[in-house]
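Before any comments, here is the structure.
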Amino acid sequence: MSDYDKDEIWKEFQEKQNMTTTELENWLSTEESKSAGKEMENGETIGHRAGRALLKIKKKDTSELTDANWDRIKETVGVYHQKIHPSQKPKNDIADSNWYYALKNWGHDALK
């Protein structure tokens, strides 16, 4: 695992990860979720794949997290920093924007 403070990363992850496991699971089953973001070669978007990985992480106790889980958590916090930045946020119609859908794929509902 990379050099970073797990406690710090976990705290920020918990602060920004504002969707429950059920909310995220339900969201990931929608067409909006499946179509938001950059598509990979297999047809799935990067954010949708990340959301599926985050569901697994959310169901674990922190003592069960693997190095790969911690790397995903760190990546997710980085995505939050990038996407939540005011310069990235749409000026209007947030609820129907790809920006909003993409953030929800990463477990953050910007309208909460």
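The values are calculated or read from the model by the stated rules, or taken from the named source; none is laboratory data. A quick note: this is a predicted structure, and the numbers were derived from the prediction, not measured. Cβ atoms come from the backbone with ideal geometry, glycine included; neighbour counts cover every protein chain shown. When the accessible area is computed, the model is the full protein with side chains, heavy atoms only, and any ligands, DNA or RNA have been set aside. Shrake-Rupley method; radii C 1.70, N 1.55, O 1.52, S 1.80 Å.
So the values come out like this:
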read-out	value
Top-ranked residue of the stretch 18-34 - restricted to ones that are without any contact (Cβ under 8 Å) to a residue 40 or more places away in the chain and in a helix (DSSP H, G or I), ranked as nearest to Ile57 (Cα to Cα)	Thr21
Qualifying residue in the stretch 49-60 (condition: out of contact with any strand residue (DSSP E or B) (no Cβ under 7 Å at 6 or more places or on another chain), part of a loop (DSSP other than H, G, I, E, B), open to solvent by less than 20 Å² (accessible area, probe 1.4 Å) and under 21 Å from Tyr100 (Cβ atoms))	no
Of all residues in the stretch 25-44 being under 16 Å from Trp99 (Cβ atoms) and modelled with pLDDT under 90, the one that is surrounded by the fewest Cβ atoms within 10 Å (Cβ to Cβ)	Lys38
Hey, Lys83 surrounded by 13 or more Cβ atoms within 10 Å (Cβ to Cβ) and outside any helix (DSSP H, G or I) or not	no
Subset of the stretch 98-112 (residues that are in contact with a Leu (Cβ under 9 Å, 6 or more places away or on another chain) and within 18 Å of Arg52 (Cα to Cα))	Tyr100, Lys104, Asn105, Trp106, Gly107, Asp109
Some residue of the stretch 89-112 being at positive phi and crowded, with 17+ Cβ neighbours inside 10 Å	yes
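Here's the yes/no breakdown for (1) within 15 Å of the chain's Cα centre (by Cα); (2) small (Gly, Ala, Ser):
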site	(1), (2)
Lys34	yes, no
Glu64	no, no
Ser87	no, yes
Ala95	no, yes
Gly107	yes, yes
